[in-house]
Structures are given as structure tokens and as C-alpha cells.
Amino acid sequence: MRKSDEQRMAREGRLPPGQSLTHKFPVLDLGRHPAPDLERWELRMDGAVSQEVRLGWKEFLDLPKESVQMDIHCVTQWSKFETVWEGISLKTLVNEGILKLKNSARYVLQHAADDYTTNLPLSVVLQESFLLATHVNGAPLTLEHGYPVRAVIGHIPGREDLFTPYLWKGAKWVTRLEFLEEDRPGFWEQNGYSNEADVWKEERLKSGLW
């Protein structure tokens with residue numbers, strides 16, 4: 001079953017080079033699973049913004065929700081297809097004036113409760129394929145997968161116009177989005193991983209390290 005599904009994804013052009021299909025959802029992180037106190041939980045959005053935004057848990061849940069079906073691809077060579085994520089779209093927050101960015105904003109550094117960081121261009125964070133997710137496949141995130149909120153970036157089938165990086169470019173347990181005028185590498189980017197992480201170009205490590 002797994003092999004036949006993998007072959008179908010390959011025929012449809014949805015399996016990136018070097019990847020294998022999994023029906024499981026492997027857990028990969030820095031080894032810490034920070035349990036949240038939702039009474040104190042806060043999402044902070046600051047940096048190159050007109051006004052800093054701080055949202056408590058109830059305020060976050062009141063934001064407009066999106067549901068997106070995506071294929072997700074891990075740098076450790078597994079791919080999970082047709083996952084359905086529910087959460088908050090940064091593009092929607094900008095369009096509705098909840099988040100007001102300065103014209104100089106070009107990049108976003110995600111900060112997580114386990115001290116993990118990762119960076120993406122603003123243009124990618126504003127894609128429909130980037131969500132601050134609270135649910136996956138109809139169920140709330142588990143702690144090991146980033147509860148209460150994780151950033152997730154994947155591939156929307158048929159949307160080849162959207163840039164798709166590996167899954168490490170979405171931080172679990174996200175607590176802060178820092179908008180930057182200049183790029184700043186995150187944890188894995190400082191430790192030999194590709195800054196761009198394009199799944200279709202198999203950009204896993206920095207040039208010369210692969």
C-alpha cells in the first residue's frame with residue numbers, strides 16, 4: 001500500500017527528489033517538548049511592523065481561520081501527503097489590517113518556546129501554504145507536533161507558483177514572529193543547512209556540504 005501510494009505520488013509529480021512517502025507522522029525536534037500554560041501563552045509579532053501585536057490564547061482563537069490541504073516534506077527524506085491543516089494565515093492578518101508591516105519588511109524569523117528559530121522570506125510567509133496551525137487532519141495538534149500553535153509550510157497540489165521549502169522551515173511551539181529588513185539565519189541554517197531549502201531542488205545542506 002505504501003509503495004503503491006508512493007509510486008502514484010511520483011507519477012503525479014508530487015514526490016520531490018530524494019523523498020519517500022510515509023503514512024506515519026515522525027517526530028523531529030531539539031529534544032524538548034515545552035508544555036504551554038495557555039493562561040500565559042502569547043504570540044508576539046514585532047520588528048519591522050507599524051505596531052507590535054501581542055495576542056493571548058483567546059485572542060488568537062478569535063482570529064479568522066483557514067483550512068489548507070498540503071503535502072509536507074521533511075529534510076530527513078520523508079514526505080506525508082494530503083495533510084489538512086487549520087489555523088491562521090499571515091496573509092489574512094495583513095489583508096485585514098490586524099498585522100501592519102513596514103515597507104522595509106523582507107524576512108521573518110520564527111521563534112519557538114524550545115528556543116528553536118528558523119527564517120523565511122516574507123513573500124513565502126504570506127503564501128497560502130504557510131499557516132500558524134492549531135489543528136491537523138481534524139484534530140488539535142499534539143504536544144510533540146507543536147501544540148498549541150506551530151508554523152507549517154508545505155506544497156499545495158497544483159500550485160507550482162508557490163515556493164515549497166522543507167518542513168524545518170516551520171517552527172513548532174511558535175511564540176514570536178520577528179519581521180526583519182535583512183535576513184537572519186535560524187538554528188539549522190547556522191548549523192550547515194541550506195538557507196533556501198527548496199524541496200524540488202533538494203537543497204538540504206549549504207553548497208559544498210552535501
- Item | Subset of segment 97-156 that is under 22 Å from H23 (Cα atoms), part of a loop (DSSP other than H, G, I, E, B) and in contact (Cβ under 8 Å) with a residue 24 or more places away in the chain - its residue that is farthest from the chain's Cα centre (by Cα) | G138
- Message: Given the criteria closer than 25 Å to E189 by Cβ and out of contact with any Cys (no Cβ under 9 Å at 6 or more places or on another chain), does L122 qualify?
- Response: yes
- Task: State which residue pairs qualify: first residue closer than 21 Å to K201 by Cβ and inside segment 1-22, second residue surrounded by fewer than 16 Cβ atoms within 10 Å (Cβ to Cβ) and not charged (D, E, K, R) in any location, beta carbons under 7 Å apart, and separation of 6 or more residues or different chains.
- Result: E6/S20; R14/P157; P16/W200; G18/Q77; Q19/Q77; S20/Q77
- Would you be able to tell me the number of residues in segment 162-210 that are of a type in the set (V, I, T) and in contact with a Ser or Thr (Cβ under 6 Å, 6 or more places away or on another chain)? 1
- Message: I'd like to check something: does segment 164-175 contain any residue that is of a type in the set (D, E, K, R) and either in a strand (DSSP E or B) or more than 29 Å from S50 (Cα to Cα) (or both)?
- Response: no
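Since every read-out is calculated from the coordinates, none of them should be taken as a lab result. Because the structure is a prediction, the values reported are computed rather than measured. All Cβ positions, glycine included, derive from the backbone under ideal geometry; neighbour counts span all protein chains shown.
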